[in-house]
Amino acid sequence: MKILNDKFNFANLPTKIELLSRFSELVGKNIYFKRDDQTGTEFSGNKVRKLEYLIKFAIDKGYDSLITCGGIQSNHARATAAIAARIGLKCHLVLRGDENSSLDGNLLLDNLFDADIKFINSEEYSHSRNEIMENITLKLKNKGEKCFIIPEGASEKIGNLGYINCLFEIVEQEKNMNIQFDNIITAVGSGGTYSGLYLGHKIKGIKNRVIGINVCNNREYFLNKIYDISNQTKEYFDLDITLKREDINIIDGYVGKGYALSSEYEIDFIKKISKLEGIVLDPVYTVKAMYGLYKEIKKGTFKNSKNILFINTGGLFGIFPQKDLF
C-alpha cells in the first residue's frame, strides 16, 4: 500500500518480537512480546507509529503547531511534545490533572520539551476536551499560529495507518520466524491500535486474530468506537474491504479501579513480570492487558491457542509517579 509510505520515520522499526520463555512456561503457552515499547526513547511506545502519519499530514498542510490531549501522565502527549521539539513545531497539551502535581514521569518530559500545558479537571476532560482544544486553536489562530488538533491517543483515520503498517510488519516477521500467531493481544485505551491491527487483517484478507483488553470504559463502548474509527479509515482511503462489528473482539473485566488507577494485584503483577523476564509493564495499559491475558489463559479462554503475541505498547515513564505504590 503506497499510503503506508507517506509518513515521517521517527520510530525504530521494525520492532523485534521475542519469546518470554519463563512466563510461557508459567502459563503453558508460547507468549511473544512485540517490543513497541522500544520504538524510541523520548517518543517510545505505540503512539509514535500513529504520529508518523499525522504529523506528516500536518506539515504537508502547512500547520506550525500541534495540540492534543490526555491524562497528566499521557504517553501520547509526551510523544507528541517530543516529536514537536525534534522538528521545530510548537506543542500545546490539554491534560487531565492538577497543575500543582509534582514534575515526574511524562509530565516532567512534557516540560523539558517546552510544551504549553493547560490543565483541566476530569469532568471537563470527559465532556469538553475537544471543545477546549478548538477554543485554544482559535485563540492561537489570532496570534498567527496554525494549529493542528490530534485527538486523544492519535486514534483517528490517518493515525490508523500506523497499526495497519504494524500488522503488515508482523506478517513479514511471521514469515521470517517461521511461526504463526494464533492471537494478537493489545491493550485498548482509545481504540486506534486495535483498529489499525484489525484493518490490517482485513486488507491482507486474513482472519482477524486481534483481541483487545480494555483498560477503561467497557466492551460495548469500544466495539462502537473501533467500528466507527475503522469505517472512517475505510471511507477516507477508499479501502476495498468489508467491516463487521461482530469481528471486533474485546475482553472486558480488567479495568480494575479505573483508568490510570492501580490495584494492589496489578502492582504485584508488575513485580512478578519484572522478576520473571526483566521487563517492566506500565501501570496504565500493559499491566491491565497482560494481567487479563494471564487470567484468561487460566480460565481456558485460549485453550486452542499455542502461540500468542502481546503488543507491548510501552509507557515506562508512567511508573515513576507511582513509585510509592511499590
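Values as computed for the structure displayed
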{"quantity": "Estimated FRET transfer efficiency when R0 is 30 angstrom, pair Lys257-Glu134 (beta carbons, to 0.05)", "calculated": "0.45"}
{"quantity": "Helix 264-277 vs. the chain, principal-axis angle (Cα, 0 to 90°, nearest 10)", "calculated": "70"}
{"quantity": "Glu18-Ser122 pseudo-label distance in nm [points 7 Å out on the Cα-to-Cβ vector]", "calculated": "3.7"}
{"quantity": "Where the chain is the region considered: accessible area per residue in Å², 1.4 Å probe", "calculated": "44"}
{"quantity": "Extension gain (nm, one decimal) between Thr41 and Lys146, 0.36 nm per residue minus Cα-Cα", "calculated": "35.0 nm"}
{"quantity": "Built amide H within the under 5 Å cut-off of Cys91, gap 5+", "calculated": "Leu66, Asp116"}
{"quantity": "Distance between region 176-215 and region 1-21 - C-alpha centres, whole angstrom", "calculated": "15"}
{"quantity": "For peptides 178-188, 233-243, 160-170, sequence by mean Cβ density within 10 Å, most packed first", "calculated": "160-170, 178-188, 233-243"}
{"quantity": "Cα centroid separation, region 222-268 to region 54-122 (Å)", "calculated": "24"}
{"quantity": "Built amide H within the under 5 Å cut-off of Val188, gap 5+", "calculated": "Ile213, Asn214, Val215"}
{"quantity": "Relative contact order %, the chain, counting alpha carbon pairs below 8 Å whose residues are six or more apart", "calculated": "21"}
{"quantity": "Computed E for Asp247/Glu172 - FRET, C-beta separation, R0 22 angstrom, nearest 0.05", "calculated": "0.45"}
{"quantity": "Compactness of region 79-213 as Cα Rg over 2.2 N^0.38 Å, two decimals", "calculated": "1.30"}
{"quantity": "Sequence ranges 198-209, 257-268, ranked by mean other-Cβ count within 10 angstrom, highest first", "calculated": "198-209, 257-268"}
{"quantity": "Sites Lys306 and Glu235 - FRET efficiency at Förster radius 25 Å, r taken between beta-carbons, to 0.05", "calculated": "0.10"}
{"quantity": "Region 141-269 - percent of accessible surface contributed by carbon and sulfur, probe 1.4 Å", "calculated": "43"}
{"quantity": "Rounded tilt (10° steps) of 192-204 against the dominant C-alpha axis of the chain", "calculated": "60"}
{"quantity": "Whole-Hz couplings from phi, Karplus 6.51/-1.76/1.60, listed for region 160-168; x for Gly and Pro", "calculated": "4, 4, x, 9, 5, 4, 5, 5, 4"}
{"quantity": "HN-Hα J in Hz across region 207-221 - Karplus 6.51, -1.76, 1.60, θ = phi - 60°, x for Gly and Pro", "calculated": "4, 5, 10, 7, 10, x, 10, 6, 10, 7, 6, 8, 4, 4, 4"}
{"quantity": "Whole-Hz ³J(HN,Hα) from phi, Karplus 6.51 cos²θ - 1.76 cosθ + 1.60, for region 5-18, glycine and proline x", "calculated": "8, 8, 7, 7, 10, 8, 7, 7, 10, x, 6, 6, 10, 9"}
{"quantity": "Reported label for calculated semi-axes √(5λ) of the Cα gyration tensor in Å given [x] 30, 24, 18; [y] 36, 23, 19; [z] 39, 24, 16", "calculated": "[x]"}
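The values are calculated or read from the model by the stated rules, or taken from the named source; none is laboratory data. These numbers come from a predicted model, not from an experiment. Cβ sites come from the backbone with ideal geometry, for glycine too, and all protein chains shown count toward neighbours. Heads up: the accessible areas ignore ligands, DNA and RNA and are worked out on the full protein's heavy atoms, side chains in. Shrake-Rupley method; radii C 1.70, N 1.55, O 1.52, S 1.80 Å.
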